[in-house]
1. Quick check: is even one residue across the stretch 110-118 away from ligand 1 (no atom under 16 Å from the Cβ) and either β-branched (Val, Ile, Thr) or modelled with pLDDT of 75 or more (or both)?
2. When the stretch 100-119 is examined, which residues are found to be closer than 19 Å to Arg14 by Cα and among the polar types (S, T, N, Q)?
3. Identify the residue in the stretch 4-26 that is surrounded by fewer than 12 Cβ atoms within 10 Å (Cβ to Cβ) and aliphatic (A, V, I, L, M) and, among all such residues, is nearest to Pro108 (Cα to Cα).
4. If you check Glu141, Glu132, which single one turns out to be modelled with pLDDT of 90 or more, loosely packed, with under 15 Cβ neighbours inside 10 Å and in a helix (DSSP H, G or I)?
5. Restricting to the stretch 93-115, name every residue that is of a type outside the set (Phe, Trp, Tyr), more than 18 Å from Arg178 (Cβ to Cβ) and touching a residue at least 60 places away in the same chain (Cβ under 8 Å).
6. Counting only residues that are within 16 Å of ligand 2 (Cβ to nearest atom) and surrounded by fewer than 17 Cβ atoms within 10 Å (Cβ to Cβ), how many does the stretch 74-88 have?
7. Checking the structure you have, find out if any residue of the stretch 173-183 is modelled with pLDDT under 90, β-branched (Val, Ile, Thr) and either surrounded by 13 or more Cβ atoms within 10 Å (Cβ to Cβ) or under 15 Å from the mean Cα position of the chain (by Cα) (or both).
8. Within the stretch 156-172, take every residue that is part of a helix (DSSP H, G or I) and modelled with pLDDT of 90 or more and give me the one that is surrounded by the fewest Cβ atoms within 10 Å (Cβ to Cβ).
Amino acid sequence: MKPGVGFASMHRSRHPEDAGLSDDELASKELALVRACGDWQRILDFYGIGRVFSGVKDVVAEKLARDSYEESSCLIESLRKEQLRSPEARQRCLELKGTRCVVCGFDPVESWGVAGVIQVHHLRPLSEMLSERGSTQTDPEKDLVPVCPNCHALIHSKLRDMGSSRCYTIEEAREIVRGKAGDGTR
Ligand SMILES: [Zn+2]
Ligand SMILES: [Zn+2]
């Protein structure tokens, strides 16, 4: 998982000393700082978040590392196809449901002021919609939910092969994010 271009330009505007580093070098540097930071509890307390911090864990990266290369490329392909399906339906979903991730609650517009980051997840895979309704018409109200890229990759990481497009349900993904993200307060 790599941060997008918005990350690099924001980082450079705040850290002029890093102007000479490539996007990849910036991402590695930032990730190392996140991992090395010993003040996460102080930050949580400062903002009054009321949660106990017990470690930085990248759930999706761990999942991808466990899966085979083939499964990982299936995952990326399924995410790509889904985002291409209907830009209008996506837009309608975001208008109806906002830009907050339904799994983890992260809102890239609120946190970063960046609208393009949020993705939409189709609750019913294309193959299922075709067989049940005989049409690929998407109902944004019923079929789509806003998700952040991290949770979206997690949801799709359940795919075992191209034929069976079983994803984690939103509830299952919430359980994983709650249970395995190292936060024992919920
Ligand atoms: Zn999320
Ligand atoms: Zn999806």
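The values are calculated or read from the model by the stated rules, or taken from the named source; none is laboratory data. What you are looking at is a predicted structure, and each value in this text was computed from that prediction instead of being measured. Positions of Cβ are backbone-derived with ideal geometry, glycine not excepted, and every protein chain shown enters the neighbour counts.
1. Filtering the stretch 110-118 down to residues away from ligand 1 (no atom under 16 Å from the Cβ) leaves 113.
Add one more test, that the residue is either β-branched (Val, Ile, Thr) or modelled with pLDDT of 75 or more (or both), and what stays is 113.
Within the stretch 110-118, one or more residues are away from ligand 1 (no atom under 16 Å from the Cβ) and either β-branched (Val, Ile, Thr) or modelled with pLDDT of 75 or more (or both).
2. Hit for the stretch 100-119 is Ser111, nothing else.
3. Applying the filter and picking the extreme gives Val5.
4. Details: Glu132 fails: modelled with pLDDT of 90 or more.
Only one candidate qualifies: Glu141.
5. Correct list: Val114 only.
6. Of the residues in that region, 8 qualify.
7. No, the stretch 173-183 contains no residue that is modelled with pLDDT under 90, β-branched (Val, Ile, Thr) and either surrounded by 13 or more Cβ atoms within 10 Å (Cβ to Cβ) or under 15 Å from the mean Cα position of the chain (by Cα) (or both).
8. Looking at residues that are part of a helix (DSSP H, G or I) and modelled with pLDDT of 90 or more, I get Glu171.
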